[in-house]
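Down below is the structure, laid out as structure tokens.
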């Protein structure tokens with residue numbers, strides 16, 4: 001492993017290519033309200049990350065696991081500009097772009113986790129950091145583990161947590177923390193396997209981190225644990241109100257310091273705490289034994305809090321009914337009541353719920369009413385260290401009919417939703433809604449072409 005790491009360090013300069021791409025609205029036959037989502041092309045392996053200030057800056061980052069690539073959009077996903085493009089090399093796997101939620105005059109502070117697998121016997125981990133929105137990158141030390149880790153930033157620029165998801169080949173390696181900007185890591189939890197983390201938005205003040213576990217911790221008596229000193233000490237969080245089985249995604253209110261509110265998914269139910277995890281109550285569904293999954297339908301599946309939950313008290317959830325029908329529900333009162341918003345396709349996962357962008361830059365139309373989407377292609381440059389910037393090369397446009405697909409719902413809401421849906425073949429399609437789930441559009445995301453033949457890092461062009 002060390003030999004490969006030394007080999008990779010010799011080739012730290014990379015090439016970048018900035019490219020334009022489209023997000024289009026796919027036409028759907030009018031009048032057919034029996035459709036779930038509009039039919040869209042398959043697109044697999046993407047990670048979408050929204051700016052902490054999306055409503056004001058309209059910024060999204062996108063990465064593709066393989067072939068590796070990273071893009072940025074400053075117009076809420078209408079056009080994309082390439083930051084990193086590694087299609088000329090094989091063996092790279094990119095994780096999500098992680099944004100540090102600290103405003104900086106030089107641009108976004110970003111992390112991106114990579115793995116390099118030149119063959120089945122060797123895996124090299126890499127972690128890259130950018131202080132200027134991805135224009136230049138510096139190498140950092142990755143946390144421990146064999147695969148791509150989930151990164152959890154805090155509002156302390158130097159402090160971040162990492163958690164490796166389990167896989168059929170290896171279990172999670174624990175919870176890891178850095179306090180020096182990923183120059184070194186320490187393990188802060190290595191007992192019962194953790195599946196998700198949630199960091200309090202005011203971490204610098206309260207040092208609070210929650211973790212949901214794959215089973216109830218025998219030492220702490222709960223499947224949800226909490227640390228109020230940044231991970232030095234852990235305690236069980238309201239285990240008597242939760243089920244004994246694995247806990248799923250745990251999510252925290254944007255005003256946690258004031259409202260002490262968080263949610264956790266467990267046993268096909270959604271639980272809510274309003275006292276920082278001391279006690280929990282079921283908010284969905286309320287009409288069945290919540291620790292006996294499968295007794296009655298519907299069940300709670302994917303859910304997401306609004307990024308502004310502390311002010312708007314809004315969360316969305318996908319449910320599965322008795323006939324395996326999936327529905328999107330919304331609550332505007334923190335889970336006290338729920339409203340049907342639309343039917344959705346098989347195996348959907350909510351990615352983001354964001355307050356709608358102010359004066360969002362969208363598509364313009366020509367004289368015939370067709371939508372106009374413009375992108376830019378740029379040529380990469382090399383740099384002596386890190387990743388280089390790029391300059392525009394050419395422009396191109398596309399004209400497509402602007403047709404919305406709508407479910408029969410009475411209320412539009414000022415939220416942008418992103419959803420990934422999987423079909424029976426485990427193929428992914430990405431959708432967005434800019435009216436709170438009332439109407440949906442396909443996202444045609446930028447693509448990276450695989451290399452024509454296998455090429456490895458350090459090999460000549």
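Just subtract the alpha-carbon distance of residue 255 and residue 324 from 0.36 nm times their residue separation and send over the number in nm, one decimal.
21.3 nm
Calculate the FRET efficiency for residue 132 and residue 180 from the Cβ-Cβ distance with a Förster distance of 25 Å, rounded to the nearest 0.05. Don't jump to the answer; show the numbers that get you there.
Values: r = 20 Å, r/R0 = 0.78.
So, using R0 = 25 Å, E works out to roughly 0.80.
If you take the square roots of the eigenvalues of the alpha-carbon gyration tensor of region 228-347 and sort them as a ≥ b ≥ c, do you get rounded (a/c under 1.5), prolate (a/b over b/c) or oblate?
oblate
At a Förster distance of 30 Å, what's the computed FRET efficiency of residue 336 paired with residue 53, Cβ-Cβ distance as r, to 0.05? Could the numbers behind the result be given before it?
Working: r = 29 Å, r/R0 = 0.95.
Result of the calculation: an efficiency of 0.55.
Using 0.36 nm per residue, how much length does the chain from residue 155 to residue 412 gain when fully extended, once their Cα-Cα distance is taken away?
Working: separation 257, 0.36 × 257 = 92.52 nm, distance 3.27 nm.
Result for the pair: 89.2 nm of gain on full extension.
Once you place label points 7 Å from the Cα toward the Cβ at residue 105 and residue 349, how far apart are they in nm?
Reported label-point gap for residue 105 and residue 349 is 4.0 nm.
On full extension of the chain, what length is gained from residue 274 through residue 426, given 0.36 nm per residue of separation minus the C-alpha to C-alpha distance?
On the way: separation 152, 0.36 × 152 = 54.72 nm, distance 3.69 nm.
Working it through step by step, the gained length comes to 51.0 nm.
Read-outs throughout are calculated quantities, based only on the coordinates presented, and are distinct from any laboratory measurement. Keep in mind it's a predicted model, so treat the numbers as computed, not measured. Because the Cβ atoms are built from the backbone with ideal geometry, glycine has one as well, and the counts that use them run over all protein chains shown.
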